[in-house]
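Enquirer: Shown below is the structure under consideration.
The values are calculated or read from the model by the stated rules, or taken from the named source; none is laboratory data. The model shown is predicted, which means the values in this text are computed figures rather than measured ones. Glycine also receives a Cβ, built like all others from the backbone with ideal geometry; neighbour counts cover every protein chain displayed.
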Amino acid sequence: MTTAPTPLKQTPLNAAHRRLGGRMVDFGGWDMPVQYPAGTVEEHLRTRLHSGLFDVSHMGEIEVRGSDAIAFVNRLCSNDATKLVDGQAQYSALTTPEGTVVDDLLVYRFAEDHLLLVVNASTTGKDWDWINAHRGDETLTLTNRSADFCQIAVQGPDALGILQTLTETPLAEIKYYHFREGAVDGVPSIISRTGYTGEDGFEVYAAPDKAEQLWDRLLEAGGHGTPEGILPCGLAARNTLRLESAMALYGHEIDETTSLYEANLGWICKLNKGDFNGRERLAQQKAEGVQQKLVGFEVTERGIARDGYDVLVNGEKVGRVTSGSPAPYLKKNIGLAYVPAAHATEGQEIHVVVRDRPVAARIVPVPFYKRERGSK
């Protein structure tokens, strides 16, 4: 007797994606659009040059309240939550005792006794269990509030202007990785100047029953349907945008087998803040160096490096591609890969095995793409 497959979870925008012609796929148990009729390349380029709209409502939200909220989060995460001020967000990681990554996350500080952790969709359950399992005698309350929010990202050079038409909150005053609470189209929201595309932009958190209203109004305000108007963007464009910007993706560049220093995330590893999960091992790695490192590479022959492909140096397998794809804006084939530290130098010639054929590539600096600061 076969068991019925588990139904896919849906965001509050599922019907909206289908009306817009989104091609839906199973993404870690969620029914999500991988692309829309305009196609991944156009979605990518529109976001780089103008604006793109992303449904990220599948992300998880865990609320931490109480007098020990900051101390608790600081003990579980690698970055220093004591440095946050009200209205500021921070990129961090939940770490294991080995210094590897349970998940990467954003920590939002609303008040000294009120934090919100925004975690990856596929790991929300695992993160919730991990966080609860590491509770001590702290005075705090943990609440899984993932079902209480939709999350919509408007990204690109035109993002501020589009969102500003729907809110009285002065968006230009919100610094990068800061947020404010305010109304968007009359809907109480958290307005966060964050994103996963390498562009300027905002992520709006609101009640799920307001998701379609906000989505439709952002499309309207952004001139959807015009040559330079906002485009709804699927998972594929979100992936190529973050890859051009060399942003880590959980399950690819980082997981419970990769350490923060191996993944070039030492900048979110604050060894001087006091004890935290994995601190001893990470301090040892910083002192002694790591055996493998994450690097960026450009393919120099015909061929596209894909996730999981083998990496060769002098004909010997030394590593694997964690993420690989054509880069629509840069018009190159690029990727990220783990290689031995001895070979992790700029200009190092490598080969990627593409369909049983070694294809030449070269290690290059990352990020591959970086927007010009001060551009609109």
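Enquirer: Search region 84-110 for residues being without any contact (Cβ under 8 Å) to a residue 40 or more places away in the chain and touching a Lys or Arg at 6+ places or on another chain (Cβ under 8 Å), and hand back the single one that is surrounded by the fewest Cβ atoms within 10 Å (Cβ to Cβ).
Expert: V85
Enquirer: In region 331-340, what residues are surrounded by 14 or more Cβ atoms within 10 Å (Cβ to Cβ) and over 16 Å from E253 (Cβ atoms)?
Expert: Once the filter is applied, which keeps residues that are surrounded by 14 or more Cβ atoms within 10 Å (Cβ to Cβ) and over 16 Å from E253 (Cβ atoms), region 331-340 yields K332, N333, P340.
Enquirer: Something else now. Search region 120-170 for residues being among the hydrophobic types (A, V, I, L, M, F, W, C) and assigned to a strand (DSSP E or B), and hand back the single one that is farthest from the chain's Cα centre (by Cα).
Expert: L142
Enquirer: Let me ask something else. Considering only region 289-348, how many residues are without any contact (Cβ under 8 Å) to a residue 40 or more places away in the chain and touching a helix residue (DSSP H, G or I) at 6+ places or on another chain (Cβ under 7 Å)?
Expert: Selection size over region 289-348: 2.
Enquirer: Contact list please: Cβ distance under 6 Å, first residue in region 131-155 and hydroxyl-bearing (S, T, Y), second residue surrounded by fewer than 15 Cβ atoms within 10 Å (Cβ to Cβ), pairs at least six apart or on different chains.
Expert: Partner pairs satisfying both residue conditions: T139/S67.
Enquirer: Where the second residue is not aromatic (F, W, Y) and the first is at positive phi and lies in region 8-28, which pairs have Cβ atoms under 7 Å and are six or more apart or on separate chains?
Expert: G21/P37; G28/A121; G28/S122
Enquirer: What is the one condition in (1) free of Cβ contacts under 8 Å to residues at least 40 places away in the same chain; (2) in a loop (DSSP other than H, G, I, E, B) that I191 does not satisfy?
Expert: I191 satisfies every listed condition except (2).
Enquirer: Let me ask something else about it. Before we move on, is R180 crowded, with 20+ Cβ neighbours inside 10 Å, closer than 30 Å to L94 by Cα and of a type outside the set (G, A, S)?
Expert: So R180 fails the test.
Enquirer: Hey, does region 59-78 have a residue that's free of Cβ contacts under 8 Å to residues at least 12 places away in the same chain, of a type in the set (S, T, N, Q) and either closer than 21 Å to N120 by Cβ or not assigned by TED's automatic domain parsing to the domain that holds W130 (or both)?
Expert: Within region 59-78 (the criterion being free of Cβ contacts under 8 Å to residues at least 12 places away in the same chain, of a type in the set (S, T, N, Q) and either closer than 21 Å to N120 by Cβ or not assigned by TED's automatic domain parsing to the domain that holds W130 (or both)), the answer is no, since none of the residues qualifies.
Enquirer: Moving to a separate point now. If you scan region 147-165, which residues turn out to be surrounded by 21 or more Cβ atoms within 10 Å (Cβ to Cβ) and on the phi < 0 side of the Ramachandran plot?
Expert: F149, C150, Q151, I152, A153, V154, Q155, D158, A159, I162, L163
Enquirer: Here's a follow-up. Of (1) of a type outside the set (F, W, Y); (2) within 22 Å of T141 (Cβ to Cβ); (3) touching a strand residue (DSSP E or B) at 6+ places or on another chain (Cβ under 9 Å); (4) not in a strand (DSSP E or B), N74 satisfies all except one. Which?
Expert: (3)
Enquirer: Could we say that T322 is surrounded by 20 or more Cβ atoms within 10 Å (Cβ to Cβ), within 30 Å of Y36 (Cα to Cα) and among the hydroxyl-bearing types (S, T, Y) here?
Expert: Answer is yes for this residue.
Enquirer: Kindly provide the set of residues from region 1-27 that are modelled with pLDDT under 95 and either touching an Asp or Glu at 6+ places or on another chain (Cβ under 9 Å) or surrounded by 15 or more Cβ atoms within 10 Å (Cβ to Cβ) (or both), ordered by number.
Expert: P7
Enquirer: Within region 92-119, count every residue that is more than 16 Å from E203 (Cα to Cα) and either among the β-branched types (V, I, T) or in a loop (DSSP other than H, G, I, E, B) (or both).
Expert: Selection size over region 92-119: 10.
Enquirer: Only one of these is surrounded by 23 or more Cβ atoms within 10 Å (Cβ to Cβ), β-branched (V, I, T), over 23 Å from L160 (Cα atoms) and over 20 Å from the mean Cα position of the chain (by Cα): V73, V64. Name it.
Expert: Being surrounded by 23 or more Cβ atoms within 10 Å (Cβ to Cβ), β-branched (V, I, T), over 23 Å from L160 (Cα atoms) and over 20 Å from the mean Cα position of the chain (by Cα) holds for just one of V73, V64, which is V64.
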